[in-house]
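The block underneath contains the structure these notes are about, expressed in structure tokens.
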Amino acid sequence: MRKYAWRKVLAMVLVIIMPLTLVGCGDNSAKNTENYPEKSITVIVGFNPGGGVDTAVRGIQPYLQKYIGKTILVENKPGNQGLIAMNYVGEQKPDGYTLIATTNAMSLNAMIFPESYKLKAAPEEALIPIYSWVNGDGNGIFVSKESPVKTWDDLVAKAQTEAGVKIAGSGIGSTDHITAITLTKIYGGNWVFVPMDSAGEVASAVLGGQVDAGSSSPGAASLDPSRINMLAVTLKERAEKWPDAPTFIELEKPELYILFVVGLMAPAGTPPEIIDKLEAAMDQARNDQAFIDWAENAKQPIGKEGWNAEAYKAYLTDYQNNMKALIPDIQEALKAAQGGK
Amino acid sequence: MESVVWQGLLASLAPTSILAVLIGVFVGIAVGIVPGIGAGVGLSLLLPIIFNVPPLIGLMLLLALWASDGYGASISSILLNVPGGAGAVATCFDGHPMAQQGKAGEAIGISMAASMLAGILGTFVLMLAAPPLAKLAVKIGPAEYTIMAVLGMTLIGGMAGKNRIKGLVSAIIGLMVSFIGYDLTTGFVRYNFGSTYLFDGIEFELVLIGFFAIGELMQAGEEGGTVAEFGKMTGTVLGGFKEALKRPLSIIRSSLVGVVMGVLPGIGITISSMAAYEVEKRFSKTPEKFGTGIVEGIIGPEAANNSCQPAALIPTLTLGIPAGSTSAVFLGALIMYGLTPGMDLFTNKAPLVWAMMWGIIVASIAYVLVGLIFANWFAKLTILPIEYLVPCTLVTCFIGAFVTTNSFYDLVVAFLFGLIGYVMALLKYPPAPAILGVVLGPILEKNYFRALLLSDGSHRVFFSGTLAICLWSLLALILFAPFLFKLFKKRRGIKSSS
């Protein structure tokens, strides 16, 4: 063993690390709201690259860049169902240079998992809605085409039997899970939620016949209309991809109106002038023909129109109020799952 | 049909496609070599860049990157005993001893040949049998996955080395690490020490960097010297190439292991390459030589992790069900381009699909050609003094850890695992079983509880169905065959002597 080898190793490590520490150190102050934006804007995504929210952000990014006039950097900070990103953005300076792109389920997650939520402000007040450019998808309950269950009524009837309905969805506390809990509350009977890791695994379990039904976004790529039979959707109107699947509003269960809404938000305290500028640029980007063409081609559920700050906030408030009533049920369902183990 | 195949081939050989493949190959080898980042990170970094590129070019770039990542990862395993990626852990077992004997070039040659041929074989399976295989794959349920995870546990014996107990302890450490964070079935958070950072558990890559890169490298740095002795460099890249080609059975066997495990969502390259190593050892006439630098010991994992990639595309392209995290990113790219997986893709977009599949083969050949140019230079790294090699690798590892999620905590976690890994290395606990434990833990746990949810709590579900019975029989065979074989031999010995 050489005596000095260690010192050399350490010295080399230091030599290589030193210049790296300088990377990223620069002047971050930009105070003038009038000249906003003066530098690039970072949009944090709380989910993995290639996922639904990420794809939506990457889709609008070039157009937002075009209309806001500065570079838009997209950064993924996945984890804790998007709450890591929410905690991070909530703590940033409200100067309009760090924004978050997220879904409506996030503030709900903050309420279901209070231990994951680190901000001082209440979840619904920590972030200011700016604009929503994806609001056409929601949740759907589906079975395999090979299943004996053919209609929504068949499935509800099956839930009343002793065997019950085993329903797969991605993750505990996810929108899929919440939909399943709401089903139990409204229809009664025996619904057993089987958590999977992703929408792909849910489709796989349904196609393989391991579960009776699945709960996923009707727009998910893993749901192929030639193999899957969609029974009902949580949307306002029927989905183009599934013309035969009724909405829960048609089935007279308006509580099950759950959308998947992706929007841009800023930390609380961001000056209204900046919000206005971003809102205007987002609206132009959303209505750019090239963006609309891309969304159509990529089958992105952008919905009929973008929602401005007011409409977006109105939906979120409505959604949160609806869901708040469900939180005790959700937490009870979680506890039951944990106690049963 | 034929014309579509032909059109695809021509499209994959167009100058722009070849350029995309070459860029993909260079990036792929680079992300492969760097421990802690692999094809998944490479793909997510390129995803925003290819947004404005036509689908064929963009997808060829991604596929070439993905295909060559496995080859790049084996280089770090062979030269430094630090796996460049999840699929290259088992490559260390025989690749590094070979490098220590001065035959790094030969080892790289073996890895190249096995990787290329397996990639091509896997792609042929994808071309010929994708739809039926995908249908079969979704039939396998949580109960079967649970038994498969138990089967996976038997791999520990093969990689524990001389001391089985230490191997088991290492595997248990890995399993314990894998249980940190959210319980995937109940949402219950355990072993997080009150920290929200640990809610999502510990990234597999960080454990890999910590145990292998930091732990083992620190020990190597202490010892100093060089990996191989100067002036004792024997064995050439081409020689390794020929050695691998002399063993077609090993290549086919290991490629099949890779294909089977690749198709199954959630199994992945780590387990498939370790399983192929074990299969090669069981089929070998000289199993005791495994771990000392044997050709089959490199062919096994390298062939398996490269045939895994095209196989993982089978459920991704036909059903839109990604087989793992890397295929999930690739699926994201398909969706971004407006390509919906499923039958529609194979009928309406057939030329593009065929061009993509040919693209994997073109990429496999391309990384071998690129690899041939660089391999001899890489091999020379083994005669560089370790006190220069180790710090450069360490810093690269930390950058790798940081790139994955941009989180400072990741660096801390990688460092902490490095300390544990260092102590383990000092006490001669093998790190590979720990990696296996980290990978198998969640597969075992979530499938066990899912199976029980589906059976309303009855354990009978694990013993119903033909596949379950077959898997249990295989387990029994693996566990008891060596004893029975010995017993049989003894009896025959007694008979013939009497």
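Taking the numbered list (1) within 18 Å of the chain's Cα centre (by Cα); (2) among the β-branched types (Val, Ile, Thr); (3) at pLDDT below 90 in turn, residue A:233 passes all entries but (3).
Going by what's in this entry, would residue B:239 be described as over 30 Å from residue B:421 (Cα atoms) and among the small types (Gly, Ala, Ser)? Criteria met by residue B:239. Only one of the numbered conditions (1) assigned to a loop (DSSP other than H, G, I, E, B); (2) in contact (Cβ under 8 Å) with a residue 40 or more places away in the chain is not met by residue A:244, and that is (2). The set of residues from the stretch B:197-243 being small (Gly, Ala, Ser), surrounded by fewer than 21 Cβ atoms within 10 Å (Cβ to Cβ) and more than 14 Å from chain A (Cβ to nearest Cβ) comprises B:231, B:239. Contact annotation: residue pairs with Cβ atoms under 6 Å, 6 or more positions apart or on different chains, pairing a residue in the stretch B:418-438 that is touching a residue at least 60 places away in the same chain (Cβ under 8 Å) with a partner that is surrounded by fewer than 19 Cβ atoms within 10 Å (Cβ to Cβ) and among the charged types (D, E, K, R), are B:429/B:166. Evaluating residue A:169 against the criteria (1) closer than 28 Å to residue A:113 by Cα; (2) surrounded by 22 or more Cβ atoms within 10 Å (Cβ to Cβ); (3) in contact with a Leu (Cβ under 8 Å, 6 or more places away or on another chain) leaves one unmet condition, (3).
Just to be sure, is residue B:369 more than 14 Å from chain A (Cβ to nearest Cβ) and either at positive phi or without any contact (Cβ under 8 Å) to a residue 60 or more places away in the chain (or both)? Here the answer is yes, as residue B:369 does meet what is asked.
Tell me which of these residue A:137 doesn't satisfy, since it passes every other one: (1) of a type in the set (D, E, K, R); (2) touching a helix residue (DSSP H, G or I) at 6+ places or on another chain (Cβ under 9 Å); (3) surrounded by fewer than 22 Cβ atoms within 10 Å (Cβ to Cβ). Here residue A:137 clears every test but (3).
Residues being part of a loop (DSSP other than H, G, I, E, B), within 14 Å of another protein chain (Cβ to nearest Cβ) and in contact with a strand residue (DSSP E or B) (Cβ under 8 Å, 6 or more places away or on another chain) are entirely absent from the stretch A:259-268.
Scan the helices (runs of 4 or more DSSP H) fully inside the stretch B:1-62 and keep the ones with 2 or more residues being touching a helix residue (DSSP H, G or I) at 6+ places or on another chain (Cβ under 9 Å) and under 23 Å from residue B:80 (Cβ atoms).
Numbers: elements: B:2-12, B:15-33, B:39-46.
Here the list reads B:15-33, B:39-46.
Checked against the criterion of being crowded, with 24+ Cβ neighbours inside 10 Å, among the polar types (S, T, N, Q) and touching a Pro at 6+ places or on another chain (Cβ under 9 Å), the candidates B:272, B:307 yield just one match: B:272.
Determine whether residue B:79 is closer than 29 Å to residue B:381 by Cα and either part of a helix (DSSP H, G or I) or touching a helix residue (DSSP H, G or I) at 6+ places or on another chain (Cβ under 7 Å) (or both).
On the way: closer than 29 Å to residue B:381 by Cα: yes; either part of a helix (DSSP H, G or I) or touching a helix residue (DSSP H, G or I) at 6+ places or on another chain (Cβ under 7 Å) (or both): yes.
In short, yes.
Would you mind stating whether residue A:202 is assigned to a helix (DSSP H, G or I) and either basic (Lys, Arg) or at pLDDT 90 or above (or both)? Answer is yes for this residue. Take the conditions closer than 24 Å to residue B:451 by Cα and either touching a residue at least 24 places away in the same chain (Cβ under 8 Å) or not in a loop (DSSP other than H, G, I, E, B) (or both) and apply them to residue A:100. Does it pass? The answer is no for residue A:100.
Of all residues in the stretch A:166-184, those satisfying the criterion of being of a type outside the set (A, V, I, L, M) and in a helix (DSSP H, G or I) are A:175, A:176, A:177, A:179, A:182, A:184.
Is it the case, given these coordinates, that residue B:398 is buried (at least 22 other Cβ atoms within 10 Å of the Cβ), within 14 Å of another protein chain (Cβ to nearest Cβ) and part of a helix (DSSP H, G or I)?
On the way: buried (at least 22 other Cβ atoms within 10 Å of the Cβ): yes; within 14 Å of another protein chain (Cβ to nearest Cβ): yes; part of a helix (DSSP H, G or I): yes.
Here the answer is yes, as residue B:398 does meet what is asked.
Every condition in (1) in a helix (DSSP H, G or I); (2) touching a residue at least 40 places away in the same chain (Cβ under 8 Å) is met by residue A:157 except one, and the failing one is (2). Among the residues of the stretch B:173-196, write down those that are of a type outside the set (A, V, I, L, M), within 19 Å of residue A:87 (Cβ to Cβ) and facing chain A (nearest Cβ under 8 Å). Hits for the stretch B:173-196 are B:182, B:187, B:196. Of all the criteria given as (1) at pLDDT 90 or above; (2) within 26 Å of residue B:83 (Cβ to Cβ), the one not satisfied by residue B:164 is (1).
Take residue B:76 and decide whether it is of a type in the set (Ser, Thr, Tyr) and either touching a Pro at 6+ places or on another chain (Cβ under 8 Å) or at pLDDT below 90 (or both). Considered against the rule, which asks whether it is of a type in the set (Ser, Thr, Tyr) and either touching a Pro at 6+ places or on another chain (Cβ under 8 Å) or at pLDDT below 90 (or both), residue B:76 comes out as yes. When we screen B:352, B:317, B:313, B:331 for residues that are assigned to a helix (DSSP H, G or I), within 14 Å of another protein chain (Cβ to nearest Cβ), within 21 Å of residue B:253 (Cα to Cα) and touching a helix residue (DSSP H, G or I) at 6+ places or on another chain (Cβ under 9 Å), the only hit is B:313.
Kindly list the number of the only condition in (1) more than 14 Å from chain B (Cβ to nearest Cβ); (2) closer than 22 Å to residue B:446 by Cβ; (3) part of a loop (DSSP other than H, G, I, E, B) that fails for residue A:238. Status for residue A:238: all satisfied but (2). When A:186, A:178 are checked against the criterion of being more than 8 Å from chain B (Cβ to nearest Cβ), of a type in the set (A, V, I, L, M, F, W, C) and surrounded by fewer than 19 Cβ atoms within 10 Å (Cβ to Cβ), a single residue qualifies: A:186. The set of residues from the stretch A:288-341 being under 26 Å from residue B:336 (Cα atoms), surrounded by 12 or more Cβ atoms within 10 Å (Cβ to Cβ) and more than 14 Å from chain B (Cβ to nearest Cβ) comprises A:288, A:303, A:305, A:306, A:307, A:308, A:312. Selection of first residues in the stretch A:210-235 that are away from chain B (no Cβ under 12 Å) and of second residues that are of a type in the set (Phe, Trp, Tyr) and part of a loop (DSSP other than H, G, I, E, B), restricted to Cβ pairs under 7 Å at least 6 apart or on distinct chains, gives the following pairs, ordered by first then second residue: A:218/A:242; A:230/A:242; A:232/A:248; A:233/A:242; A:234/A:248; A:234/A:257. In this structure, does residue A:206 turn out to be out of contact with any helix residue (DSSP H, G or I) (no Cβ under 8 Å at 6 or more places or on another chain) and of a type in the set (Val, Ile, Thr)? Yes. All conditions in (1) part of a loop (DSSP other than H, G, I, E, B); (2) within 14 Å of chain B (Cβ to nearest Cβ); (3) more than 29 Å from residue B:195 (Cα to Cα) hold for residue A:119, with the sole exception of (3).
The values are calculated or read from the model by the stated rules, or taken from the named source; none is laboratory data. Since the model is a prediction, treat every value here as computed from it, not as a measurement. All Cβ positions, glycine included, derive from the backbone under ideal geometry; neighbour counts span all protein chains shown.
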